[in-house]
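Right, one structure below, let's go through it.
The values are calculated or read from the model by the stated rules, or taken from the named source; none is laboratory data. Quick caveat: nothing in here was measured; it's all calculated off a predicted structure. Here Cβ is always computed from backbone atoms with ideal geometry, including for glycine, and neighbour counts include all displayed protein chains. Surface areas here come from the heavy atoms of the whole protein model, side chains and all, with no ligands, DNA or RNA. Shrake-Rupley method; radii C 1.70, N 1.55, O 1.52, S 1.80 Å.
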Amino acid sequence: MVYHSSFVDEEGITEACGCPLLPLKSHIRGPAPVSDQDKSDIADEAITFFRANVFFRNFDIQSPADKLLIYLTFYINVALKRLEGCRTLAEGTKAIINLGLENVPVPGEPGFRFPGLFALPQSREEAELLRNYLKQIREETSGRLLSVAYRANGTPNKWWLAFAKRKFMNIILP
């Protein structure tokens, strides 16, 4: 059984293109609402469930938050692929920063890996809202991923980087 998001019935959550804009424990500016620092957020869930969920070819979506979990699981897979050749935390940080500077495609644009996962944007404002949210959540997830992919002494954690070889839902990474 695949691990699903616990953010099933969140009240007052806005959506963009069918993607819930869930709160984040973030210091990065963006459209995400601010979450309590002592509560787990969707980025924590994605990192926690990644090593189990990456083995599945199918993912039964039970809530809109599961769509975001799928997106983040794929993003973590891409990030680990970039970190695979980095032997130090400094090299890994540089690779993650470069990944964060890349363009973030939204549904309907070339390069968006999950056509049909999110609805097409109804307006340019909705597309920009989703793009900014995805950029913010990717940056936040990247920072947290570095803390688990590398040990305190700056060496790679092989128990995390070994998962760079996996293909999530049989999607081939670029």
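Scanning the range 113-142 for residues that are closer than 19 Å to Ile61 by Cβ, part of a helix (DSSP H, G or I) and of a type in the set (A, V, I, L, M, F, W, C) yields Leu130, Leu134, Ile137.
The residues of the range 32-52 that are open to solvent by 30 Å² or more (accessible area, probe 1.4 Å) and within 17 Å of Leu72 (Cα to Cα), listed by number, are Ser40, Asp44, Thr48, Phe49, Arg51, Ala52. Conditions first: (1) closer than 15 Å to Trp159 by Cα; (2) crowded, with 22+ Cβ neighbours inside 10 Å. Gly85 passes all but one, so which condition is the exception? Gly85 satisfies every listed condition except (2).
In the range 25-60, the residue that is nearest to Phe163 (Cα to Cα) out of those that are part of a helix (DSSP H, G or I) and touching a strand residue (DSSP E or B) at 6+ places or on another chain (Cβ under 9 Å) is Ala43. Here Ser63 passes the criteria (1) closer than 22 Å to Val34 by Cβ; (2) open to solvent by 80 Å² or more (accessible area, probe 1.4 Å) except the one numbered (2).
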